[in-house]
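Take a look at the structure set out below.
The values are calculated or read from the model by the stated rules, or taken from the named source; none is laboratory data. From a predicted model like this one, the values you see are computed outputs, not experimental measurements. Ideal geometry is used to build each Cβ from the backbone, glycine not excepted, and the neighbour counts take in all protein chains shown.
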Amino acid sequence: MVVKIRWVKPEDRKDIDPGTAGFLEEEFVVLVKGRADEVTEAHERAHVGLGHQERGRVTARRYVEDEVDADLVTYAQMDRPRNIIKDLRGIVGTLVEEWGGSPAGAVRIIEEVFKKKGNRIPLRWRSDLKRLKMGIRRREEPRFL
């Protein structure tokens, strides 16, 4: 399958969030100059190879499943299941901003997807999710003076 790639400058597209490095748009993989790297490109190509749709056309749970599947393919191809806490933070942020959930609710969805995928999820990723969950809990607890 031929993947069409379009590079854009962040200043040319005001609709791109500051943390976004790449995304699917119509029949293109759009990569942001200065932010995208080889991992981002491989991740977006994995989305195309897996037949995923643009984000606005799926449910929150499906979005998480698609992101995790693309990460699994990407890191299997690159033979390096690095830590993905940054990716998980991005998923949580997207769920909160675009679907209106809470950070704790977003983590619960990720936990359910990890549980469904079973042994395919590297232990390091489970550890990253646990660290992220602990950080979110600390921020959501009521603070007293």
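Can you list residue pairs whose Cβ atoms sit under 9 Å apart, with the first residue in region 34-56 being on the phi > 0 side of the Ramachandran plot and the second being modelled with pLDDT under 85 and surrounded by fewer than 17 Cβ atoms within 10 Å (Cβ to Cβ)? Count only pairs 6 or more apart in sequence or on different chains. As it stands, the answer is G34/P10, since those pairs meet every condition given.
Taking region 1-22 as the range and being in contact with an Asp or Glu (Cβ under 7 Å, 6 or more places away or on another chain) and crowded, with 17+ Cβ neighbours inside 10 Å as the test, only G22 passes. If you check V64, V48 for being within 18 Å of I110 (Cα to Cα) and assigned to a helix (DSSP H, G or I), only one passes: V64. Screening L72 against (1) touching a residue at least 40 places away in the same chain (Cβ under 8 Å); (2) in a helix (DSSP H, G or I); (3) of a type outside the set (V, I, T); (4) surrounded by fewer than 14 Cβ atoms within 10 Å (Cβ to Cβ) leaves a single unmet condition, (4).
Taking into account only those residues within region 64-96 that are acidic (D, E) and at pLDDT 90 or above, which is farthest from V48 (Cα to Cα)?
Among residues in region 64-96 that are acidic (D, E) and at pLDDT 90 or above, the one farthest from V48 (Cα to Cα) is E65.
Scan region 98-127 for residues that are of a type in the set (G, A, S), part of a loop (DSSP other than H, G, I, E, B) and surrounded by 12 or more Cβ atoms within 10 Å (Cβ to Cβ) and jot them down. Correct list: G101, S102.
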